[in-house]
1. When residues of the range 20-75 are filtered for being under 14 Å from Leu88 (Cβ atoms) and touching a Ser or Thr at 6+ places or on another chain (Cβ under 6 Å), how many remain?
2. Picking from Leu10, Leu79, Leu32, which residue would you name as being modelled with pLDDT of 80 or more, of a type in the set (A, V, I, L, M), surrounded by fewer than 13 Cβ atoms within 10 Å (Cβ to Cβ) and over 29 Å from Ser99 (Cβ atoms)?
3. When the range 46-66 is examined, which residues are found to be touching a Pro at 6+ places or on another chain (Cβ under 9 Å) and either in contact (Cβ under 8 Å) with a residue 40 or more places away in the chain or within 19 Å of Ser99 (Cα to Cα) (or both)?
4. Kindly state which helices (runs of 4 or more DSSP H) lie completely within the chain and contain at least 3 residues that are acidic (Asp, Glu).
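The values are calculated or read from the model by the stated rules, or taken from the named source; none is laboratory data. Source: prediction; values computed, not measured. Please note: Cβ atoms are built from the backbone with ideal geometry, for glycine as well, and neighbour counts cover all protein chains shown.
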Amino acid sequence: MKSDPRDMGLGMKRAIFDFLAGLSLAFTVLSLGMGVAGFVVRSHAASAPGLLRQVAFAYAGTWTAMTGVGLYYLFPAPLAFIIPTALLFAAAGLTAPRS
């Protein structure tokens, strides 16, 4: 995967390994960023009760989109964690207080 770089235009040469590494890093950064944002929102849940529900649904939508990416590119290992995460956020949104 590293030995066959292809010209991507604008003087960039990338191999399949570069795309795999970039996608893996994107999944990691997304997961960590959403986790930190969740802790920040959770600390403000008392002052804005409906916020937690809205953020849970936004997270569920994001992880559902990530599930679509994983299904399209057939990444079975991340899907084992992404699908339950999307379902848990959807459940959290449904059970969170409305106001």
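1. 1
2. When all the criteria are applied, what remains is Leu32.
3. Pro49, Gly50, Leu52, Arg53, listed by residue number.
4. none
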